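Following: one structure in structure tokens, then a few remarks.
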Amino acid sequence: MGNGNLSDRPDASIVAAVLTGNTDAYSVLVCRYRDAYTRFAAHMLGSLEDADDALQLAFVRAFRNLAQCRDPDRFGSWLYQIVVNECRTLAARRAKRERRMIHNDAHMNAASTNHPAGDQALHDEIQYALSRLESAQREAFLLRHVEGLSYEEISEITGDGISALKMRVKRATARLRDLLEGVVT
Amino acid sequence: MMDWNDEPDRASVDKIVNHLRTPVSLDETFDVRVMSAVHAAALAQVDAQHVANESSAEADAPWWRKRYTLHLSAWSGLALAASIFGIMLIGATVMSRTVAAPAVQTAAVARPVDARNVSFILVDDSARQVWLVGDFNGWSRKQLPLTRAANGRAWTVSVSLQEGRHEYAFIVADENGEHWVADPLTQQVEDDFGTTSSIVRVEATS
């Protein structure tokens, strides 16, 4: 592939290489952003398989539209917008098909009051509580607190206003606390 | 550091966030699968550009080089067919009475040989061996073997192809024998016998 000398270069340099016909150079960008965005997608969609789909679609869509990336130095931020959109699309499609595992209050109550010990169990509880949030709230919460983005960055990625984002994060946090009461406290 | 000032129960939220910050990884084949799709997208873009260029060239062509479609009624079609048949009959009669013309030599048109390296990638974790076949190698089996990538799922081969349209497919050998596999990520074409192959268009390097 011969991308060894590209791996240390900034995004803009790699984008330029891809746009001039070095398709293999795109693998450097895939490697650079894959893990960071996988976590967000996995938590947004509640499934590693769906995260895989979302990331793959996002990377291919980004490649197809690479010439439209106005600021190649900020390729990562531009790609994040595409990842967020793919997650929204997949989540909406999945909601229609009702493919998700059955979530109901009885299950939630049982899980909350009688959860098994251990990190994995706690992680499952948290992931389950996260899945109970409204999609927009979950998205804002993850981007703000898990991925550590500023509200300005989130606004740029999602296209939503900062005050609306702050409200979503606040409500998501309060809802998570309610759902996980007795689990994480 | 996060601004939890407006959060009344920072410790519990921190605990949630710390759990969610645990790294999440996709399987090791992800990069290869993405790059396989990316290469397919790149080829599709070349294909689309080729079609666009052909359309553009035809639009700019003089009237005698453009393609036209004739819409004929049944009667006018019959009349046209009868006319053509009549002309052919007269022509055959005249030709049979003349000295045979010398055989026409088809002059080989001098064209610049222009080739590009094209990477073919197939992701198949059950394959034991994969070969590439196509019109560029006379559909010869086992002449162009693909190499298994380090992750064990992807198979690749790079072939130098001349510009133009090529049809190809993969021969995949697995525990059930050998199978003809059209590339699932590119445009496909079916021959008269129902065999499906894939299409790749190669543009000349500038």
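The values are calculated or read from the model by the stated rules, or taken from the named source; none is laboratory data. The structure displayed is predicted, hence computed values, not measured ones. For neighbour counting, all protein chains shown are included, and Cβ atoms are generated from backbone atoms with ideal geometry for every residue, glycine included.
Key figures for this structure:
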quantity	calculated
Test: residue in the range B:148-167 that is part of a strand (DSSP E or B), surrounded by fewer than 20 Cβ atoms within 10 Å (Cβ to Cβ) and among the acidic types (Asp, Glu)	yes
Subset of the range A:16-31 that is under 10 Å from residue B:35 (Cα atoms) and at the interface with chain B (Cβ under 7 Å from one of its Cβ atoms) - its residue that is farthest from the chain's Cα centre (by Cα)	A:23
Selected residue [more than 13 Å from the chain's Cα centre (by Cα), touching a residue at least 24 places away in the same chain (Cβ under 8 Å), part of a helix (DSSP H, G or I) and assigned by TED's automatic domain parsing to the domain that holds residue A:13] from A:39, A:61	A:61
Checklist (1) surrounded by fewer than 17 Cβ atoms within 10 Å (Cβ to Cβ); (2) part of a helix (DSSP H, G or I) applied to residue A:52, failing item	(1)
Residues (among the charged types (D, E, K, R), out of contact with any helix residue (DSSP H, G or I) (no Cβ under 7 Å at 6 or more places or on another chain) and more than 12 Å from chain B (Cβ to nearest Cβ)) located in the range A:155-173	A:160
The range A:137-185 - residue that is free of Cβ contacts under 8 Å to residues at least 60 places away in the same chain and among the hydroxyl-bearing types (Ser, Thr, Tyr) and, of those, nearest to residue A:79 (Cα to Cα)	A:155
Those residues of the range B:1-54 which are modelled with pLDDT under 70 and in a loop (DSSP other than H, G, I, E, B), in sequence order	B:1, B:2, B:3, B:4, B:5, B:6, B:7, B:8, B:9
Scope the range A:3-36; condition in a loop (DSSP other than H, G, I, E, B) and more than 30 Å from residue A:141 (Cα to Cα); matching residues	A:3, A:4, A:5, A:6, A:7, A:8, A:9, A:20, A:21, A:22
Complete set of residues in the range A:120-154 that are surrounded by fewer than 22 Cβ atoms within 10 Å (Cβ to Cβ), hydrophobic (A, V, I, L, M, F, W, C) and more than 12 Å from chain B (Cβ to nearest Cβ)	A:136
Odd one out for residue B:129 among (1) without any contact (Cβ under 8 Å) to a residue 24 or more places away in the chain; (2) touching a Pro at 6+ places or on another chain (Cβ under 8 Å)	(1)
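Residue-wise test of (1) within 19 Å of residue B:29 (Cα to Cα); (2) in contact with a Cys (Cβ under 7 Å, 6 or more places away or on another chain); (3) facing chain B (nearest Cβ under 10 Å).
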| site | (1), (2), (3) |
| --- | --- |
| A:33 | yes, no, no |
| A:36 | yes, no, yes |
| A:39 | yes, no, yes |
| A:46 | no, no, no |
| A:50 | yes, no, no |
| A:54 | yes, yes, no |
| A:59 | yes, no, yes |
| A:64 | no, no, yes |
| A:72 | no, no, no |
